[in-house]
Amino acid sequence: MRVVVGRLGRAHGIRGDLSVEVRTDEPDRRFEAGAVLYTDSAIHPTLTVEWMRWHSGRLLVHLVGVDDRTAAEAVRGTTLEVDVVDDELPEGDDEYYDRQLVGLRVEEADGTLVGELTEISHLPAHDMLVVTRADDTEVLIPFISEFVPLVDLEGRRVVVTPPAGLLVDLDAPDDPDDPDDPDDPDAPEGDQGPDGSG
């Protein structure tokens, strides 16, 4: 099967080098010299990595046949995929491929259902779990051990202990009987003197 590992970004320099928006936890493996990348382009259905290097925290690649800035700009924005076998697993014990996680049930430590894990968002600081709830709203949970203590692939579930307030429904209707609701026309006015003056 094919999985997305990145997207070609801006040209770097005049020799055709390109930055890559990385979407894999194993960039050094996926973009090593000689790697064949499948694309969403009819003009360049495959691209081969000639070399890769890191520059100021960004991944740069040089692709075979892309030898100047004009050629690099022509492939900018191209989505990159690689072939992986269905049962291939990451090298680290606590690492997972997106395809292993998407579709898992997400629940709190007490078993309360949060929703279904529908996407992994790969951000510079850390990955985020995108969880879709029963009402089709989404909640983002940082994919770090503090908030995601258990990934149970066999049980098809992820246990989360999110920070306080993260799962609160911000769209919940206001309590009509809340005396502190500033929008309640029947709520008592505050900071008034005995004669009703402010």
Discussion item. Over 5 Å intervals from 0, what percent of Cα-Cα pairs in the range 26-158 sits in each interval?
Written reply: 2, 8, 15, 18, 15, 13, 11, 9, 5, 2, 1, 0
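Test of understanding: ordering 157, 2 by Cβ neighbours within 10 Å, fewest first, what list do you get?
Starting with the residue having the fewest Cβ neighbours, the order is 2, 157.
Can you compute the FRET efficiency between residue 40 and residue 110 using 1/(1 + (r/R0)^6), with r the Cβ-Cβ distance and R0 = 41 Å? Round to the nearest 0.05.
On the way: r = 43 Å, r/R0 = 1.05.
Taking R0 as 41 Å, the efficiency between residue 40 and residue 110 is 0.45.
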Worksheet, complete the sentence: Counting only backbone N atoms under 20 Å from a point 7 Å out along Cα-to-Cβ of residue 15, the residues of the range 33-63 in range are 33-35, 48-63
Practice prompt. May I ask you to compute the full-extension gain from residue 33 to residue 51, defined as 0.36 nm times their residue separation minus their alpha-carbon distance, rounded to one decimal in nm?
Written response: 6.0 nm
Response to the item:
Here the FRET efficiency for residue 4 versus residue 133, based on Cβ atoms and R0 = 41 Å and rounded to 0.05, is 0.95
Worksheet, complete the sentence: Projected convex hull area of the range 2-83, Cα atoms, direction-averaged, in nm², equals 4.6
Worksheet item: Among 144, 43, 120, what is the fewest-to-most ranking by other Cβ atoms within 10 Å?
Response: 43, 144, 120
Discussion item. Is the C-alpha gyration tensor of the range 98-160 telling us rounded, prolate or oblate? Criteria: a/c under 1.5 is rounded; beyond that, a/b larger than b/c is prolate, otherwise oblate.
Written reply: rounded
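Values in this text are rule-based calculations from the coordinates and carry no lab data. Computed from a predicted model, the values in this text were never measured in an experiment. Every residue, glycine among them, receives a Cβ derived from its backbone with ideal geometry; neighbour counts consider all protein chains shown.
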